[in-house]
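What follows draws every value from the coordinates through simple rules; no lab data is involved. What you see is a predicted model, and the numbers here were worked out from it, not measured in a lab. So basically every Cβ, Gly included, is an ideal-geometry build from the backbone, and we count neighbours across all protein chains shown.
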Amino acid sequence: MAVRASTAESLRPGSLAALRSTLDGRFWLVTGLATAGSLLLLGVPTAVIPNPFFIRMTPTETFNVAVWLASAPLIGLLVATYVRPPRHAISHRDDETGAGRATLGGVAAYLAIGCPICNKVVVAGLGVSGALSIFAPLQPLIGAASVALLGATLAWRLRARARRCEKCAV
């Protein structure tokens, strides 16, 4: 019952209105820039985006592209939640909540979409055959966990942002 009460409380119309009031042009500008940056930062070194700087030793698979395209906008939105809303007082401590989960989600996304035998740490620990037979089959699971963690962290930060801004409006 406590979970339902908490969820219902976070979805009150006043909370949603308070949250909407914080999603101004700056929020969406930062979201767009951070999403584009995430697409490049994840896609270029993993060679999901073909480029002359990095070459994949294994072909890009469908789940690599799916995790890449799902995680980049989530990262962009998460980055934008750290932009201080206009006319709302948020303490510095509140701005830092969720940073560890967001970082872990981004690193997991990078590991999920990268070439398994291009990852020097994995190859050093498991060897090339281990990277292909042990790590590669785990990559879709790592990708799903990454997207779930990024989505949950985003939802948590947006609910907290709405509650804080609802208090400021009172």
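Could you tally the net charge around I113, taking each other residue with its Cβ under 11 Å from the Cβ of I113, Lys/Arg +1 and Asp/Glu -1?
Numbers: positive: R56; negative: E61.
Cβ neighbours under 11 Å give a net charge of 0.
Label-to-label distance, A66 versus R84, with points set 7 angstrom from Cα along the beta-carbon direction: 4.2 nm.
The HN-Hα couplings worked out from phi for the stretch 33-48 by the Karplus form 6.51 cos²θ - 1.76 cosθ + 1.60 (θ = phi - 60°) are 5, 5, 5, 4, x, 5, 4, 6, 5, 8, x, 6, x, 8, 6, 5 Hz, whole numbers, x standing for Gly and Pro.
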